[in-house]
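Here is the structure we will look at.
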Amino acid sequence: GENVEQHPSTLSVQEGDSAVIKCTYSDSASNYFPWYKQELGKRPQLIIDIRSNVGEKKDQRIAVTLNKTAKHFSLHITETQPEDSAVYFCAASKYGNKLVFGAGTILRVKS
Amino acid sequence: GAVVSQHPSRVICKSGTSVKIECRSLDFQATTMFWYRQFPKQSLMLMATSNEGSKATYEQGVEKDKFLINHASLTLSTLTVTSAHPEDSSFYICSASSRATAKETQYFGPGTRLLVL
């Protein structure tokens, strides 16, 4: 089955700096890659997603890149703010089936 | 749009009792609902996938007789934890997807924190 690895497990950045979180997946048939942000005790919220027919997608300060050949995708957050502090999860799925999540990254933005 | 609710948000029960958790899609028809369990500081682990009107598909290692899932309508799925024990204490989260929108996208409920004493 699919296996998703996520790095780093924790990431501390200074406010205004950029943050990058990377994930790799094992199943070359996976074609949907969402990123979720989860604050303590709350639901995961979809912040951006990408499908395998696209290499990059951007939404304001957030971008995701996908390298199908290498089977990895990354989340980029620019101009980080304290409210970006949370746990971020990547995930992968194929053809609308179940999501397989990475282990998560704790992002701390220091002001 | 795409709002998912869960009830209750928090429940404390005695060991050996059963607990039912409801998951509702409020403004769309959820053709598929998913149930996850999340232990502290860990990732979301899929327990089962349910499609309206059919039996749930359980992940390996999840006891279907202990975690009963019913997806009776396009807006409601329930998870019943039977004969709960302290090791079942966890954060249970449902999600829903819709064929009407991008079916891969899952919208999550707010979660239910279960504490078994």
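No value in this document is a laboratory result; all are computed from the given coordinates. Just so you know, these numbers come straight off a predicted model, no measurement behind them. Using ideal geometry, Cβ is built from the backbone for each residue, glycine included, and neighbour counts are taken over all protein chains shown.
Based on the mean of other beta carbon atoms within 10 Å per residue, what is the order of B:70-82, A:39-51, most packed first?
In descending order of packing, they fall as B:70-82, A:39-51.
What is the pair-distance distribution P(r) of chain A, computed from all Cα-Cα distances in 10 Å bins starting at 0, with each bin given as a whole percent?
15, 50, 29, 6, 0
If I model a spin label at residue A:10 and residue B:115 as a point 7 Å from the Cα along the Cα→Cβ vector, what separation in nanometres do I get?
It works out to 2.6 nm between the two label points.
With +1 on the Cβ of every Lys and Arg and -1 on the Cβ of every Asp and Glu, and nothing else charged, how large is the dipole of the protein assembly as shown about its Cα centre, in debye rounded to the nearest 20? Mind dumping the intermediate values first?
Details: 26 positive and 21 negative charges, 49 e Å.
Charge dipole of the protein assembly as shown: 240 debye, to the nearest 20.
What percent of all Cα-Cα pairs in the stretch B:55-117 falls in each 10 Å bin, counting up from 0?
All Cα pairs considered, the percentages come to 18, 47, 29, 6, 0.
Evaluate the charge dipole of the stretch A:4-87 about its Cα centre and quote only its size in Debye, nearest 20, assuming +1 on the Cβ of each Lys and Arg and -1 on the Cβ of each Asp and Glu. Could the numbers behind the result be given before it?
Details: 10 positive and 11 negative charges, 72 e Å.
Dipole of the stretch A:4-87, to the nearest 20 debye: 340 debye.
Using 1/(1 + (r/R0)^6) with R0 = 30 angstrom and r between the beta carbons of residue B:42 and residue A:56, what's the FRET efficiency to the nearest 0.05?
So the FRET efficiency works out to roughly 0.50.
Using a 10 Å cut-off on Cβ atoms, rank the peptides A:69-77, A:55-63 from the highest mean neighbour count down.
Top of the packing list down: A:69-77, A:55-63.
When Cβ neighbours within 10 Å are restricted to other protein chains, what is their mean count per residue of peptide A:29-39?
Partner-chain Cβ atoms within 10 Å, mean over residues of A:29-39: 2.
Per Stokes-Einstein, at 10 °C and 1.306 mPa s, what whole-number D in µm² s⁻¹ belongs to chain B, with the Kirkwood radius over Cα pairs as the hydrodynamic radius?
Reported coefficient: 113 µm²/s.
What FRET efficiency would be calculated for the residue pair residue B:55, residue B:10, taking the C-beta separation as r and a Förster radius of 25 Å, to the nearest 0.05?
0.30
Could you list, by residue number, the cysteines of chain B that have no other cysteine's beta carbon within less than 4.7 Å of their beta carbon?
Cysteines of chain B left without a disulfide-compatible partner: B:13.
Arrange the following residues from fewest to most other Cβ atoms within 10 Å of their Cβ: B:45, B:33.
Result, fewest neighbours first: B:45, B:33.
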